[in-house]
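Beneath this line is the structure, given in structure tokens, with notes to follow.
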Amino acid sequence: MSRTAEPYIKVTCSLPGKSEVQVVADELGINDDEALGLVVRFFIWLDSQMNEQGYVDHATPERISRQLHRPGLVEALVKAGWVMEDGAGIMIPNHNRHMGVAAKKRMYETERKRLQRKRDNVP
């Protein structure tokens with residue numbers, strides 16, 4: 001049986017405590033857990049929309065708000081520093097660190113090595 005890799009995004013254990021999540025929560029008037037869910041949902045959406053330079057053309061805050069059912073989300077992400085908006089689309093600063101092909105390859109290799117060490121009983 002062959003397995004097809006599912007698309008994925010990197011979510012680290014430190015994400016819930018990041019100040020950027022708190023900024024999103026404050027800007028939207030919601031709690032941190034709700035903000036975390038919106039941030040993850042945004043990055044899931046973004047992963048299928050973004051080009052190799054980290055840009056989504058024609059992605060206005062209004063269109064993204066309709067897509068993700070949350071008015072003000074893009075503006076909150078801009079204030080948090082996770083999104084840049086230029087009127088014609090949005091850009092993700094430093095997208096290659098977490099969402100680029102190389103970042104995903106590094107993450108996959110790290111996980112593969114962790115599982116190998118576990119199988120080999122190496123601490």
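The values are calculated or read from the model by the stated rules, or taken from the named source; none is laboratory data. Keep in mind it's a predicted model, so treat the numbers as computed, not measured. Neighbour counts run over all protein chains shown; Cβ positions are idealised from the backbone, glycine included.
Summary table below
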quantity: Condition met for Arg66 (surrounded by 15 or more Cβ atoms within 10 Å (Cβ to Cβ) and under 25 Å from Gly87 (Cβ atoms)); calculated: no
quantity: Subset of region 80-123 that is surrounded by 15 or more Cβ atoms within 10 Å (Cβ to Cβ) and modelled with pLDDT of 75 or more - its residue that is nearest to His58 (Cα to Cα); calculated: Gly89
quantity: Extreme residue, surrounded by the fewest Cβ atoms within 10 Å (Cβ to Cβ), among residues of region 19-55 that are within 13 Å of the chain's Cα centre (by Cα) and over 17 Å from Met91 (Cα atoms); calculated: Gly37
